[in-house]
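Report on one structure; see the data block that follows.
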Amino acid sequence: MTRRTAIILLIVICAGALGLVAGRFLLRAPAVPTLPAPQAITLLPSPRALPAFQLQQAGGAVLTPATLQGHWTVVFLGFTHCPDVCPTTLAQLSAAQKQWAALPAATRPRVLFVSADPERDTPELVAQYARSFHPDSLAATAPVPVLEKFARALSLVFMKVPGPSGAADDYSIDHSAALVLLDPQARMAGVVTPPFDIKGLADDLTTLTPASP
């Protein structure tokens with residue numbers, strides 16, 4: 001074997017060894033999903049895990065983080081007696097839901113309406129109200145302490161405000177108007193603030209859905 005041949009053989013062997021090491025490293029490295037730049041959603045730098053929660057749905061069903069896995073979910077906090085913000089926002093969201101209706105049901109984005117008024121809003125009433133805007137909407141409520149913990153985890157707030165008469169049933173609920181986006185692992189992934197770009201939101205979620213893990 002000539003010296004030149006030996007050098008070439010050594011280079012080939014070294015290159016092969018380096019390729020094997022690099023291949024093993026890449027196989028072990030976790031895949032990092034890349035999400036397209038959104039139009040209407042402000043994505044968090046890293047999704048934020050939520051504490052465990054249990055919300056009440058119609059028919060006695062319990063809504064937990066597991067219920068939301070596999071879908072991007074838009075969460076809106078409100079109440080059925082809301083005179084303006086809630087019906088307006090749910091009507092806007094129904095337009096977005098119509099835009100992504102062609103996506104597969106197994107991965108289609110969903111809207112979750114959570115009532116912060118459990119005194120008047122039973123799970124059945126909340127479901128009827130939300131689904132009057134779009135039949136695919138999820139709806140839930142819970143006792144106030146549970147709702148407070150859930151809202152706080154999403155950086156949302158709500159507060160009972162007495163009405164002018166002072167009667168027990170004369171009150172309103174002040175609440176955050178922003179929407180919160182949960183990723184397919186039910187982690188807080190972004191926010192949408194008013195005024196809402198509904199077409200942009202629908203386009204964002206339509207684009208994000210195929211990129212979901």
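Observations
- Per the listing GLY166, GLY190, the residue uniquely surrounded by fewer than 15 Cβ atoms within 10 Å (Cβ to Cβ) and either touching a Leu at 6+ places or on another chain (Cβ under 9 Å) or without any contact (Cβ under 8 Å) to a residue 12 or more places away in the chain (or both) is GLY166.
- VAL111 being assigned by TED's automatic domain parsing to the domain that holds MET188, outside any helix (DSSP H, G or I) and touching a strand residue (DSSP E or B) at 6+ places or on another chain (Cβ under 8 Å): yes
- So LEU156, is it assigned by TED's automatic domain parsing to the domain that holds HIS71 and either loosely packed, with under 12 Cβ neighbours inside 10 Å or part of a helix (DSSP H, G or I) (or both): no
- Filtered residue count, segment 45-103, keeping only those that are of a type in the set (D, E, K, R) and within 19 Å of GLU148 (Cα to Cα): 1
- Taking every residue in segment 145-160 that is in contact (Cβ under 8 Å) with a residue 40 or more places away in the chain and pairing it with any residue that is part of a helix (DSSP H, G or I), at least 6 positions away or on another chain, the pairs with Cβ-Cβ distances below 7 Å are PHE158/ALA151.
The values are calculated or read from the model by the stated rules, or taken from the named source; none is laboratory data. These figures come from a predicted structure and were not determined experimentally. We place every Cβ from the backbone using ideal geometry, glycine too, and count neighbours over all the protein chains shown.
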